[in-house]
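Take a look at the structure below.
The values are calculated or read from the model by the stated rules, or taken from the named source; none is laboratory data. Note that the structure is a prediction, hence the values are computed from the model and not measured. Every residue, glycine among them, receives a Cβ derived from its backbone with ideal geometry; neighbour counts consider all protein chains shown. Keep in mind that these areas ignore ligands, DNA and RNA; they rest on the heavy atoms of the full protein, side chains included. Shrake-Rupley method; radii C 1.70, N 1.55, O 1.52, S 1.80 Å.
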Amino acid sequence: MTVQIKTIDLEPKRHTFGHIARRLGGDKPATRYQEATLDLQATDNFHYKPLWEPEYWHYDTRKTAVVMEDWYKPLDPRQFYYATYNISRANANQAVERNFTFVEERDLLGKLDAALKAKLISGLLPIRHLHWGSNMNMAEACQRGYGTAVTAPCIFSAGDHLGMAQIVSRIGLLLDEQTGAALDTAKDAWMNDPAWQGVRRLIEDTFVERDWFHLYVAQTLGVNAVLLDLVYKHADAAWGPAAVPVAMLTEFMADWRAEEGKWSDAVVKTVAAESEANKALISGWAKTWIDRAEAAARPLATALLGDAAAATAAADAARTRARSLGLSL
Amino acid sequence: MAPKKLGLKQRYAHMTRGLDWETSYQPMDAVYPFDSFEGIKIKDWSAWEDPFRLTMDAYWKFQGEKERKLYAVLDAFAQNNGQTGISDARYANVLKLFLTGVSPLEYQAHRGFAFAGRHLRGVGPRVACQMQSLDELRHVQTQIHTISHYNKYFDGISEFRHMHDRVWYLSVPKSFFDDARSAGPFEYMIAIGFAFEYVLTNLLFVPFMSGAAYNGDMSTVTFGFSAQSDESRHMTLGIEVIKFLLEQHPDNLPIVQKWVDKWFWRGHRVLGLVAMMMDYMLPKPVMSWKEAWEIYFTEAGGSLFTDLARYGLKVPKYADVATAEAEHISHQNWAIFYQYTHAAGFHTWMPDKAHLDWLSEKYPNTFDKYYRPRWEMWAEMEKQGKRFYNNALPQLCQTCQIPMGYTEPGDPTTIAFRCSEVDGETYHFCSDGCKDIFDGEPEKYAQSWLPVHQIFQGNCGGATVPDVLNWYRMNVGADNMDYVGSPDEKLWNEWHAGKVRDAV
Ligand SMILES: [Fe+2]
Ligand SMILES: [Fe+2]
Ligand SMILES: [Zn+2]
């Protein structure tokens, strides 16, 4: 038996907003991503120059040296708007919860020997500070950037980094029986351990970069592609018998990197493809930050794995990736 | 002895402020270059009390759940042609005002809180600001998705983005937020976090959302309910910020007081548009603006400022003037839009007899005396085919950018004019409140992009009204003018004739 539900068809006068129709080349039904994103940021007739930076408007294309004829070219292949972003992360987080429960129930971290625990504390946990620094950078790219197509995913990314910093913190609390002692030790390593100082110096240097797209390149191709990939992708061997529980507890990060990488690659590729001048600038930034990240990664890789090979591997992978985006390094 | 497990508060501290560190390879002043020029003194950022303890996993979970529910309602509303069930098509004009005037401010709030969420030196408020930045993006995007369905049937909605940057009265909300966005991060937090989100928010959202509920707009109501828990977080952040600044150093008090005075008056002027909406644009009115002002400002604001008095903070300057204006402001604004209906992106009308009686009852001190006779005269002129239009371009207040049509405090028959002279230029204001704000920062307000000045300077598409409307992308005869005779009205009548046919 089929049930026929009657609905009335009322002929709409138009299918979408005017600015969306002009983007689509005519009045056609638009997606929620498009209506939530395209041309959303104000572009004209601002009233006051910011007291804190009177050389620019608060939305100003001159806040980066790269030039786009249209900042709505670098779209998000994931088509995230707020709802789809949050629902996707809420789903991913269900897996995080399952993994934590699994590891906790079997006490997989608690029963590790003291030396390995200490290695996780000084070798893995400080990465939460790098996520926090990355959060600052993506918040900066959001506030300073131009055009909702790029800036909205930047605040999503900032939220992701905070979330990941908190997942790493929870690993720390599993290691120290919820006392916070491991997190304090890890912070001390972040501040003082020579293995981490190159990384900390690098992220602090990004904090003072005021060209937002330069910052974006430093973050996605330097920090994400070299430093985060070193720790989450190339350092399995460092954790010995803890490798599997660590892989489970950081599954979110692995999935996130694959997914966010598609977006950040698309953005870099599109902006570089705009002009030779953009390509030259971005290539220079990518080279600088991948090289710097490699140098920063070497002592860390040596502390974790005994030599710097993994740092080179991560940096080479980042270079290959950058070339595949049309950059010349 | 086994070490003590963390309590919830300490656990949350590890999850947030424990992440932050004092930089040493770069000076902190270079990492946070924008948080000192305003003169605010913070002795100890760690004294900040987190107003709510939300980790990202919990945030995603709550927000994701709310979005699932909201979009299910939006889909059902569209499928069932919910737009045909509103009280009257006049109601759609409320949504036009909201999407052109308010939603773009949500976007500005999103970017502004990203700024505060990066550039305040204290990690506690920074995390809270970032979540608010996400929330405000939510608000603008869900508002667009909610009203998108109305846009398919009603005029005046389609060009909301283009209009917000250009149309004369939309420069009132736009300049309000540009003002906050171009201020430093602390002033931004007082302007938006405290004055707007805490003191005045109920006067913005309650009218729109209850208006939607009373008028059968189930999709907007659902949005409103769904945003409530976001708003309560925003309010908590706003109140925490002001208390924190006042606790940190006595030198902060005069700076904060000046901001509170300024942003109260700025907000009051923007809310005049809401007042008009409440009193005139809702086919089924909820309460009068005056009643809303009494409940949400006089009473709620009164106890708030009593509470803040222990820090030395006073009730905002000119709060008494604003309260007196609550008797007039909606009527004076509706009069402006009625006269300039040809340049408005929504429809206007003269209230019918039942509505006039409702206004008489709600405004016993002023309506019959000052406004009802004028409305009856204009209605009479309409009947005689001499509908009243004002074709002269109005003079705008340099600060709030509203046409100079407000009356003197205590004398509702005389238009108020104030002016200041700076570098040989004369600037005009609608009120003492607006003049004070200008005098406090003349370099800032001298820059205002005043729509009427811009028209005269030839920056708005041309010298004639049709040129300007064309530049606004206003669909003349559909977006503007009176409701009676509009395509909205025609469509509405067709739907209803259809409903009656189906019923018979
Ligand atoms: Fe909001
Ligand atoms: Fe809010
Ligand atoms: Zn004014």
*Would you call B:Phe160 away from ligand 2 (no atom under 16 Å from the Cβ) and open to solvent by less than 10 Å² (accessible area, probe 1.4 Å)?*
yes
*Could you tell me whether region B:133-154 includes any residue that is more than 9 Å from chain A (Cβ to nearest Cβ) and within 16 Å of ligand 3 (Cβ to nearest atom)?*
no
_Being assigned to a helix (DSSP H, G or I) and either in contact (Cβ under 8 Å) with a residue 12 or more places away in the chain or farther than 19 Å from A:His161 by Cα (or both) is the requirement here; does A:Ala247 meet it?_
no
*Just for region A:8-38: of the residues that are open to solvent by 40 Å² or more (accessible area, probe 1.4 Å) and in contact (Cβ under 8 Å) with a residue 40 or more places away in the chain, which one is nearest to B:His145 (Cα to Cα)?*
A:Arg32
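Listed here are the residues, each with its yes/no results for (1) touching a residue at least 60 places away in the same chain (Cβ under 8 Å); (2) open to solvent by 20 Å² or more (accessible area, probe 1.4 Å).
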| residue | (1), (2) |
| --- | --- |
| B:Met56 | no, no |
| B:Asp75 | no, yes |
| B:Arg90 | yes, yes |
| B:Thr100 | yes, no |
| B:Phe115 | yes, no |
| B:Arg121 | yes, yes |
| B:Pro125 | yes, no |
| B:Asp135 | yes, no |
*asked:* Restricting to region B:152-176, and then to whatever is basic (Lys, Arg) and assigned to a helix (DSSP H, G or I), can you tell me which residue is farthest from A:His19 (Cα to Cα)?
replied: B:Lys174
*Run down B:Asp44, B:Asp35, B:Asp50 and say which single residue is loosely packed, with under 12 Cβ neighbours inside 10 Å and more than 7 Å from chain A (Cβ to nearest Cβ).*
B:Asp44
_Output for region B:185-218, where each listed residue is within 14 Å of another protein chain (Cβ to nearest Cβ) and under 18 Å from B:Glu106 (Cβ atoms)_ = B:Tyr188, B:Met189, B:Ala191, B:Ile192
_Checking the structure you have, find out if any residue of region A:194-215 is open to solvent by 10 Å² or more (accessible area, probe 1.4 Å), more than 21 Å from A:Ala308 (Cα to Cα), more than 8 Å from every other protein chain (Cβ to nearest Cβ) and part of a helix (DSSP H, G or I)._
yes
*When the residues of region B:420-457 are filtered to those that are without any contact (Cβ under 8 Å) to a residue 12 or more places away in the chain and within 14 Å of another protein chain (Cβ to nearest Cβ), which remaining residue is farthest from ligand 1 (Cβ to nearest atom)?*
B:Gln457
*Which residues, taken from region B:338-365, are open to solvent by 10 Å² or more (accessible area, probe 1.4 Å) and either within 15 Å of B:Leu469 (Cβ to Cβ) or in a strand (DSSP E or B) (or both)?*
B:Tyr340, B:His342, B:Ala343
*Name the single residue, out of those in region B:106-132 being more than 9 Å from chain A (Cβ to nearest Cβ) and part of a helix (DSSP H, G or I), that is farthest from ligand 1 (Cβ to nearest atom).*
B:Gly124
*Sort through A:Leu116, A:Leu124, A:Leu162 and tell me the only one that's surrounded by fewer than 24 Cβ atoms within 10 Å (Cβ to Cβ) and not basic (Lys, Arg).*
A:Leu116
*Within region B:393-413, track down each residue that is open to solvent by less than 60 Å² (accessible area, probe 1.4 Å) and more than 11 Å from ligand 3 (Cβ to nearest atom).*
B:Pro394, B:Thr407, B:Glu408, B:Asp411, B:Pro412
*Subset of region A:76-113 [more than 14 Å from every other protein chain (Cβ to nearest Cβ), open to solvent by 70 Å² or more (accessible area, probe 1.4 Å) and under 22 Å from the mean Cα position of the chain (by Cα)]*: A:Pro77
